[in-house]
Amino acid sequence: MTSLTSTSVEGQRPPRSWNWVGILPFLLFSSAFLLGPAIILLVRSLQANEGGWTLGNYRQLIDPQVLEAYGLSVRISIVTAVVGGVFGFLLAWAIIYGGLPRVFRSLLTTFSGVASNFAGVPLAAAFIFTLGRIGMITALFGFFGIDLYDSDFSLYNFWGLTVVYMFFQFPLMVLTITPALEGLKKEWKEASENLGATSWQYWRHVALPVLMPSILGTIILLFGNAFGAHATAYALTGGTLRLATILIGAQISGDVLQNQGLGYAVAMGMVLIMGLSIGLYTILQRRAERWLA
Amino acid sequence: MAFLVLDRVRKEFGGSTAVEDFNLAVEAGEFVSFLGPSGCGKTTTLRMIAGFEKPSVGRISIGGRDITNARPNERNVGMVFQSYALFPNMTVGQNVGFGLKLKKVGREETQSRVNELLELIHMPDKGDSYPHELSGGQQQRVALARALAIRPQVLLLDEPLSALDAKIRDELRIEIRRIQRTLDITTIYVTHDQEEAMALSDRVVVMSRGVMEQVGPPFQIYNYPETRFVASFVGKLNQIPGVVIDSKTVQCGDERLQTTTPIEESPGTAVNVMVRPEELDIGAGEENQLVGVVESVNFLGAIVRVRIARGEQMITADLFNERLLELPEVEEAVTISFPAHACWVMKAN
Ligand SMILES: Nc1ncnc2c1ncn2[C@@H]1O[C@H](COP(=O)(O)OP(=O)(O)OP(=O)(O)O)[C@@H](O)[C@H]1O
Ligand SMILES: [Mg+2]
């Protein structure tokens, strides 16, 4: 104890502050991996493939093919965000208020932590092995005389990809909404009961409105999460499902029909959409913090 | 029959008893405080009246109706929480009107009732503010208005002022009593602050470890405590050890003390003579006298607190301050005196 105290006295710093050193890694990191690439992206998107400045790349964004890719990306992101969000919320609610045993809670939290990061090639492979045309579950269904692929279902179309995305979407919802659910004060429920509210009325008039900014914010987060995903879709469909990210990949590094300038412009469009979502997310998050603090 | 009745109420959590054999009859319009140290079961008792806890044994009734098993939302009681517990997503007006909305009261009637209550809590122009825009004291006023809006039969407050700073606390304390008198509403007030309990209540219930120690008006509780716990928990108290001589006299060291309260213990029993600091005077007196040496003199404004050493023992005397008061000097030998009616005797533990 004595030695500890004396070191701290000797270690007294001169008034000059070195605190800024602490954020140096952050500044370096953000300029290397965020700001830098964004600027390069902007510059490239304004350059013609033959050299020289142009707005032509952006004019090509209204090409039906490009719009369709954006549309598909937005649609799949909205569907997986909303469905994953609602499902994840209900699951988190069941864990906290549904009286599930405590074991379930830690089990699900751990699972969510892992699953929300499980994406890309391994995820696609896992699904192909289970729900693919010759996957285990498909085979199991077949054993009972049900041919999954007889219906419209396929792992390699819109709904197939939706199911696969769900695997990391709903765990992310569970992870981010759990603290918000835990932030609901017991006294709010008691105060509303005391004023004559039923459990349903409490959820309808107090709990859900209080949680709404968190729920919407997280759904936007899920939207961004799906919107930026590339590897999973590529590994699963080999590029047959034309998402915006896959289009960018094809334009920038594909073998045929390459058009780098367009690729960069499409990417800039995505940055814009992502930026809007992050802005909206921040606004909602701020409100949520004020209420649930 | 009294308005709010708790009849042999008992509450157990797991194996341990939080409240034991609680019997209380509160008259309509009465203001009763539950006073006691932390963990003595005040909140638990209040929550049983509100319906958030079910008594393990016993009955509770309001206005002749047995509510022991009624759900919280089927009772007509208003509750104010220590943490205010305002709904953050609603304005002040919406918070106050929430109970009426649930009761399907019409829009206009709700509005006029809300305005009436905002007037009552002196916040007529805050109806559109959100809770996070208000100070703690303002939030608690709104919480009070919200609880009162539904015209509850009983108002319950659980340490409503303990999260506020001293000045606001004093102000709001007066406000609560004023509003309670205006509406003539039966009120139960939980606190561990004896001054608060004394200042507000018609009657105080002193509790310790789940048991009611004494019930009575503040004057009674303070001046005629029935148990050792009440005597030492409420107010400051000098306890002077001695041995019983007869039904009026106790030998304390070299001195003999007289009391007019008959001593029940038999001669030879070890007892304590109890006397409040404000009953003591410095200087010779006609009845009881003790000698000692001044240890410290603290000037506290309205009173001067003098601590006097009598051998090993410390005696505190609170002198009422006045311009002509002659303050004793530290280390001065003094005589302390008090009348025989000021003290009483309790068996030593
Ligand atoms: N839900 C519960 N489960 C188990 N024990 C409880 C529960 N609620 C209260 N107790 C116990 O009951 C006893 C009385 O608690 P209570 O909250 O009524 O005390 P209190 O007088 O309000 O104290 P404080 O002044 O600290 O608020 C305590 O020993 C407490 O630990
Ligand atoms: Mg309490």
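The values are calculated or read from the model by the stated rules, or taken from the named source; none is laboratory data. The structure presented is a predicted model; accordingly, all values stated were derived computationally and were not measured. With ideal geometry, Cβ positions are generated from the backbone for all residues, glycine too; neighbour counts draw on all protein chains shown. Keep in mind that these areas ignore ligands, DNA and RNA; they rest on the heavy atoms of the full protein, side chains included. Shrake-Rupley method; radii C 1.70, N 1.55, O 1.52, S 1.80 Å.
The portion of the accessible surface of region B:98-208 made up by carbon and sulfur, rounded to a whole percent, is 46 (1.4 Å probe; DNA, RNA and ligands excluded). A viscosity of 1.306 mPa s and a temperature of 10 °C, combined with the Kirkwood radius over Cα pairs in Stokes-Einstein, give a translational diffusion coefficient for chain B of 69 µm²/s.
Comparing the full protein assembly with the isolated chain, the residues of region B:61-109 losing at least 30 square angstrom of accessible surface (1.4 Å probe) are B:Pro72, B:Asn73, B:Phe81, B:Ser83, B:Ala85, B:Phe87, B:Pro88, B:Asn89, B:Phe98, B:Leu102.
Taking the charge dipole of region A:37-281 about its Cα centre, with +1 at Lys and Arg Cβ atoms and -1 at Asp and Glu Cβ atoms, the residue from A:Leu155, A:Gly56, A:Tyr165 reaching farthest to the positive side is A:Tyr165.
The residue among A:Gly120, B:Leu100, B:Met48 whose Cα reaches farthest toward the positive pole of the charge dipole of the protein assembly as shown, with charges on the beta-carbon of Lys, Arg, Asp and Glu, is A:Gly120. Would you mind pulling out the separation of the Cα centroids of region B:233-288 and region B:109-128, in Å? Measuring centre to centre over Cα atoms gives 56 Å. Measuring from centroid to centroid over Cα atoms, what is the spacing of region B:173-216 and region B:1-80 in Å? If you average the Cα positions of each part, the centres end up 15 Å apart.
Among the DSSP helices (H) of chain A, those spanning at least 18 angstrom by Cα along their long axis with an average Kyte-Doolittle hydropathy of -1.0 or more are A:64-97, A:102-115, A:158-182, A:208-227, A:260-292; this is a geometric and hydropathy rule only. When both region A:36-80 and region A:141-205 are represented by their alpha-carbon centers, they are found 34 Å apart.
List the residues of region A:180-194 that lose 40 Å² or more of accessible area once all protein chains are present, compared with their chain alone (1.4 Å probe, heavy atoms only, no ligands or nucleic acids). For region A:180-194, once contacts with the other chains are taken into account, A:Glu187, A:Trp188, A:Glu190, A:Ala191, A:Glu193, A:Asn194 lose 40 Å² or more. Its Cα centre serving as origin, region B:4-232 has a Cβ charge dipole (Lys and Arg +1, Asp and Glu -1) of approximately 620 debye. Beyond 21 Å in Cα-Cα separation lie the following of the pairs B:Lys101/B:Lys126; A:Lys189/B:Lys104; B:Lys42/B:Lys126: B:Lys42/B:Lys126. Annotation for the B:A interface, with buried accessible surface near 2000 Å², both sides summed [1.4 Å probe; non-protein components not counted]. About its Cα centre, chain A has a charge dipole of approximately 740 debye under the convention of +1 per Lys or Arg Cβ and -1 per Asp or Glu Cβ, with nothing else charged. In the protein assembly as shown, a dipole from Cβ-located charges (positive for Lys and Arg, negative for Asp and Glu) runs towards its positive end, and of B:Gln153, B:Gly235, B:Val345 it is B:Gln153 whose Cα lies farthest in that direction.
Taking all protein chains as they are arranged and a probe of 1.4 Å, the heavy atoms of B:Val244 leave approximately 10 Å² accessible to solvent. Note on chain B: antiparallel DSSP beta bridges, both residues inside, total approximately 75 percent of the bridges counted. Taking the 1.4 Å solvent-accessible surface of region B:268-333 as the whole, the part contributed by carbon and sulfur is 48%. Here the Debye sum runs over all C-alpha atoms of chain A as equal scatterers in vacuum, and log10 of I(q)/I(0) at q = 0.07, 0.11, 0.13 Å⁻¹ comes out as -0.41, -0.86, -1.05.
Think of a 1.4 Å ball rolled over the protein heavy atoms: chain B then has 47 Å² of accessible area per residue. By the rule of a C-alpha distance below 19 Å, with chain neighbours fewer than 8 residues away ignored, the aspartates and glutamates paired with B:Lys347 are B:Glu213, B:Glu226, B:Asp246, B:Glu255, B:Glu264, B:Glu265. For the protein assembly as shown, the Cβ-based charge dipole about the Cα centre amounts to some 2520 debye (Lys, Arg positive; Asp, Glu negative; other atoms uncharged). Only DSSP H runs of four or more residues enter the estimate; each adds -39500 (n - 2.57), and after division by the residues of the protein assembly as shown the mean residue ellipticity at 222 nm equals -14500 deg cm²/dmol.
With the convex hull drawn over the C-alpha atoms of region B:237-286, the volume per residue is 86 Å³. Annotation: aspartates and glutamates with alpha-carbon distance below 16 angstrom to B:Lys54 (same-chain offsets under eight excluded): A:Glu190, A:Glu193, B:Asp7, B:Glu12, B:Glu20, B:Asp21, B:Asp66, B:Glu74.
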